[in-house]
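Working notes, structure below.
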Amino acid sequence: MALPLLSYAPKSQNQRVAGFEVGSDEQPRIFTTENVLSPGDMDNLIWAGYRQIYSEHQILKSNRQKSLESQLKFGQITVRDFIRGLATSSPFLERNYQTNSNYRFVEMCVQRILGRDVYSEREKIAWSIVVANKGPQGFIDELVNSEEYLEKFGYDTIPYQQRRILPQRVGGDTPFNLKTPRYSEYHRSQLGFPQIIWQTSVRRFVPQEQQPKAGDPSNYLGMARNMPIPTTPPPRVPLANINIDSMVPRRR
């Protein structure tokens, strides 16, 4: 029996508002097939797709989907199909779906595929029901086929984070594919994290220009502290030589 689907209302977020800010290095670079003029441009577009869907520490040679790359280069699939293939590939599901709860998986996929944070907990629950009913691949299909995805990115544009810059901030938000930890707080507690490691010795960093030079007396301080201190043992007096009457005062 399938679970009922929940409805959720989008809340007002800055990525839903048209931007009038001046472009800068913080603005995302848009990769689309309309700007591809050489094989190098196509390679940059492909790696932009990997960076958007995978996190930075997951971009490995073993995770490459060469069949998808070849089909995209020869025009057999669109960029949207390429994003769908990356998000439903075995390496992505093994490292993100199988190691997280449905709620965390939904949050990560909405960020990387739709380019925004989840609106609310209700949206997160609604998408997690889709994951439970249709599985992770059916959930990815729902995201890629949604009107929101088609309006933002269409068929030929790599998804990117929407409106990272806020007017009251100097720098933008951290990109979604760089945010850590990858595991949710609940899953980290199951793994036994965080672990507090206490060091008995306090280590202090000393800049190179402040370190003692050769011949500095402070270099010999440790050696001086480790030297044994000579002590003179007290003389041992035999009990037979002790005269109690002469040594103890007589009380009158």
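The values are calculated or read from the model by the stated rules, or taken from the named source; none is laboratory data. Note that the coordinates shown come from a computational prediction; the quantities given were computed from them, not determined experimentally. Cβ: placed from backbone, ideal geometry, glycine included. Neighbour counts: every protein chain shown. Just the protein is used for accessible areas: all its heavy atoms, side chains included, with ligands, DNA and RNA removed. Shrake-Rupley method; radii C 1.70, N 1.55, O 1.52, S 1.80 Å.
Report Arg64's accessible area, 1.4 Å probe, all protein chains in place, as a number in Å² to the nearest 10.
90
Which order do you get for Ser55, Ser146 if you rank them by accessible area with a 1.4 Å probe, largest at the top? Could the numbers behind the result be given before it?
Numbers: Ser55 5, Ser146 25 Å².
Accessible-area ranking of Ser55, Ser146, largest first: Ser146, Ser55.
Tell me, what HN-Hα J-couplings in whole Hz come from the Karplus equation 6.51 cos²θ - 1.76 cosθ + 1.60 at θ = phi - 60° for each residue of the stretch 68-73, using x for Gly and Pro?
5, 4, 5, 5, 5, 5
Taking the solvent-accessible surface of protein heavy atoms with a 1.4 Å probe, what is the per residue accessible area of the stretch 36-148 in Å²?
Roughly 44 Å² per residue, with all protein chains present.
Quick one: if the Förster radius is 45 Å, what FRET efficiency do Ile30 and Asp216 give, using the C-beta to C-beta distance and rounding to 0.05?
After rounding, the FRET efficiency stands at 0.20.
Lys66: accessible area at probe 1.4 Å, nearest 10 Å²?
Spelled out: Lys66, probe radius 1.4 Å, area about 140 Å².
Run the simple label-point estimate for Met223 and Ser246 please: 7 Å along Cα→C-beta, distance reported in nm.
Label-label distance for Met223 and Ser246, simple model: 5.1 nm.
With θ set to phi - 60°, apply the Karplus curve 6.51 cos²θ - 1.76 cosθ + 1.60 along the stretch 80-91 and write out the HN-Hα couplings as whole Hz, x wherever there is a Gly or Pro.
Each residue's phi maps through the Karplus curve to give 4, 5, 5, 5, 4, x, 5, 6, 9, 6, 4, x Hz.
When only Cα pairs under 8 Å and 6 or more residues apart are kept, what is the percent relative contact order across the stretch 82-157?
31 percent.
Starting from the Cα gyration tensor of the stretch 68-165, take the square roots of the eigenvalues, sort them a ≥ b ≥ c, and report rounded, prolate or oblate (rounded when a/c is under 1.5, otherwise prolate if a/b is larger than b/c, else oblate).
Oblate, because a/c is 1.5 or more while a/b does not exceed b/c.
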